Each structure stands twice: as C-alpha cells, then as structure tokens.
Amino acid sequence: MRQKLRNGILIFMFVLMPITFFYFSPYLIIMGASEGVITGSFIVFALLFLFALFTGRAFCSWVCPLAGIQEHCASVRPKKVNNRLNWIRYLIWVPWLGIIIYMAVRAGGFKRVDFAYQTFYGISVKDVPSLILYLAVVVITLILSFSIGKRALCHYVCWINPFMIAGRKLANIIRLPSLRLRADKAICIKCGKCSKVCTMSLDVMEMVQSGKMENTECILCGKCVDSCPEGVIKYTFKPLS
C-alpha cells in the first residue's frame with residue numbers, strides 16, 4: 001500500500017512538472033542572482049535543506065518530479081549503479097554554487113524576492129523554448145537511466161540532493177530527531193531482498209548486518225521496509241544513535 005501511494009504521488013508530481021519545472025532550475029538561480037533576485041528555485045532549495053533536517057532525502061523518493069521516470073526505467077532495466085562514483089555530482093554542484101555567489105556579489109547582493117521569476121503566472125513551460133528545455137531534461141533522464149542504471153541522474157548529476165545531504169549531516173551532528181531506518185539484525189535471515197529492491201543500489205543487507213543503517217544515498221523510499229519478509233527494517237523518528 002505504501003509503495004502504491006508513493007508511486008501515485010510521483011506520477012502526480014510528474015504531471016505537474018510543466019508547472020513546477022522552473023522551481024527546480026539550477027540556471028534560474030544564476031540568472032536571478034545576476035539581477036539580485038531570490039528566485040523560486042532558490043527558495044525551494046533552501047526549504048529542501050531545512051526539511052532534510054527532519055526527513056532526510058525523503059523528497060527524492062516521494063516528491064521529486066523526475067523520480068517516477070527513473071523508477072519506471074529501473075523496472076524495465078534494473079541495473080545497479082556504482083555508488084563509488086557519486087562524487088561526480090560535486091564537480092557540478094561546487095562550481096555551480098561558486099557561480100551563484102559570484103553573480104550575487106557582482107549584483108550587489110540580493111535585493112528582492114520573486115518566487116514566480118521567469119514563469120507565466122507561476123507556470124514554467126510557457127513557450128516553445130521552455131518546452132524544448134523541459135523535454136531535453138526528460139530525455140536526458142531517460143538516457144542516463146537506461147544506459148548507466150537505477151537513479152543515475154540522482155547519483156551523478158543532481159544539483160538538488162547535495163542540499164539535502166548537507167541538511168541530513170547537520171541533523172546527525174546536532175543529534176536532531178529525524179526520519180530514518182532502524183533494523184533488528186538478530187532476526188535477519190540474509191535473504192537479500194532488501195538489497196535487490198533498493199532504489200539507490202545500496203547493499204542494504206550489509207547495512208543491516210553492520211548495524212549502520214545511515215547512508216547519505218538512502219532516500220527513505222521504504223522498499224526495503226516493505227519487502228523484508230521478517231520485518232527486520234522499520235521506519236523510526238529519532239536522533240542518530
């Protein structure tokens with residue numbers, strides 16, 4: 001039931017993507033910063049950092065507009081990705097942050113807030129150029145998913161999840177109660193189903209055996225929770241132990 005609900009939400013968010021597309025745009029933040037404007041995407045990314053203090057990367061599995069595409073691709077080609085290469089995304093994220101800061105300083109700082117910046121009454125895909133850009137992102141997501149593996153965009157390209165990873169790490173440092181997974185190693189039968197269904201290609205069974213369920217790539221989708229025949233893995237809301 002939980003996974004059906006999650007999939008339903010993801011489909012709904014993808015349908016809304018022509019409206020919400022620019023609110024996740026990395027480029028509009030740069031454009032806005034060059035004009036001293038705090039854009040909608042700037043606000044959304046800041047909120048995702050704050051939400052990550054309490055919900056980790058749950059946004060990635062429950063709300064992200066591109067999540068549904070990637071998971072449906074994975075159902076056709078369930079190829080695991082190499083988690084050792086996740087650092088690649090920071091080659092995009094760090095320079096991008098630097099450009100935003102540079103543009104903002106050059107503009108004399110942020111002077112106003114425009115949540116609907118560059119949209120048509122809040123709607124992102126408003127003309128042919130924005131439609132082409134939207135379709136390009138969808139096509140790139142499909143190509144990465146089929147060629148590299150499950151959630152390849154999330155692992156190697158995404159400019160959003162580093163904000164949530166930072167929020168999660170801060171929550172762990174200050175021991176803030178937040179949504180996370182816990183496991184009872186004693187009743188684990190080592191069937192491996194949790195690792196097989198993991199959306200992020202994590203070795204969940206090894207995480208259970210080691211007693212370390214915290215992982216920056218875990219998006220709290222709950223597939224491991226729902227697939228475990230012994231109920232070994234469960235959600236909890238508490239500080240990192």
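The values are calculated or read from the model by the stated rules, or taken from the named source; none is laboratory data. Since this is a predicted model, take the numbers as computed values, not measurements. Cβ coordinates were reconstructed from backbone atoms using ideal geometry, including for glycine residues, and neighbour counts include every protein chain displayed.
Would you be able to say whether some residue in the stretch 219-227 is under 16 Å from Leu48 (Cα atoms) and not assigned by TED's automatic domain parsing to the domain that holds Leu50?
yes
How many residues, within the stretch 58-112, are of a type in the set (Phe, Trp, Tyr), within 26 Å of Val37 (Cα to Cα) and under 21 Å from the mean Cα position of the chain (by Cα)?
The qualifying residues number 4.
Out of curiosity, is Thr236 under 28 Å from Phe42 (Cβ atoms) and among the hydroxyl-bearing types (Ser, Thr, Tyr)?
Details: under 28 Å from Phe42 (Cβ atoms): no; among the hydroxyl-bearing types (Ser, Thr, Tyr): yes.
The answer is no for Thr236.
Just wondering, is there one or more residues in the stretch 151-168 that are buried (at least 19 other Cβ atoms within 10 Å of the Cβ) and polar (S, T, N, Q)?
Within the stretch 151-168, one or more residues are buried (at least 19 other Cβ atoms within 10 Å of the Cβ) and polar (S, T, N, Q).
Determine whether Leu179 is within 24 Å of Gly56 (Cβ to Cβ), touching a strand residue (DSSP E or B) at 6+ places or on another chain (Cβ under 7 Å), in contact (Cβ under 8 Å) with a residue 12 or more places away in the chain and not in a helix (DSSP H, G or I).
yes
Which of the residues belonging to the stretch 212-237 are more than 14 Å from Leu202 (Cα to Cα) and either surrounded by fewer than 21 Cβ atoms within 10 Å (Cβ to Cβ) or hydroxyl-bearing (Ser, Thr, Tyr) (or both)?
Within the stretch 212-237, Asp226, Ser227, Pro229, Glu230, Gly231, Lys234, Tyr235, Thr236, Phe237 qualify.
So how many residues does the stretch 64-91 have that are touching a helix residue (DSSP H, G or I) at 6+ places or on another chain (Cβ under 6 Å) and either part of a helix (DSSP H, G or I) or of a type in the set (Phe, Trp, Tyr) (or both)?
Total satisfying the criteria: 8.
Any idea which of (1) in contact (Cβ under 8 Å) with a residue 40 or more places away in the chain; (2) among the hydrophobic types (A, V, I, L, M, F, W, C); (3) in a loop (DSSP other than H, G, I, E, B) is the one Ala171 doesn't satisfy?
Condition (3) is where Ala171 drops out.
Only residues that are in contact with a helix residue (DSSP H, G or I) (Cβ under 8 Å, 6 or more places away or on another chain) and over 27 Å from Ile160 (Cα atoms): list them for the stretch 201-232, please.
Answer for the stretch 201-232, where residues must be in contact with a helix residue (DSSP H, G or I) (Cβ under 8 Å, 6 or more places away or on another chain) and over 27 Å from Ile160 (Cα atoms): Met205, Glu206, Val208, Gln209, Gly211, Ser227, Cys228, Pro229, Glu230, Gly231, Val232.
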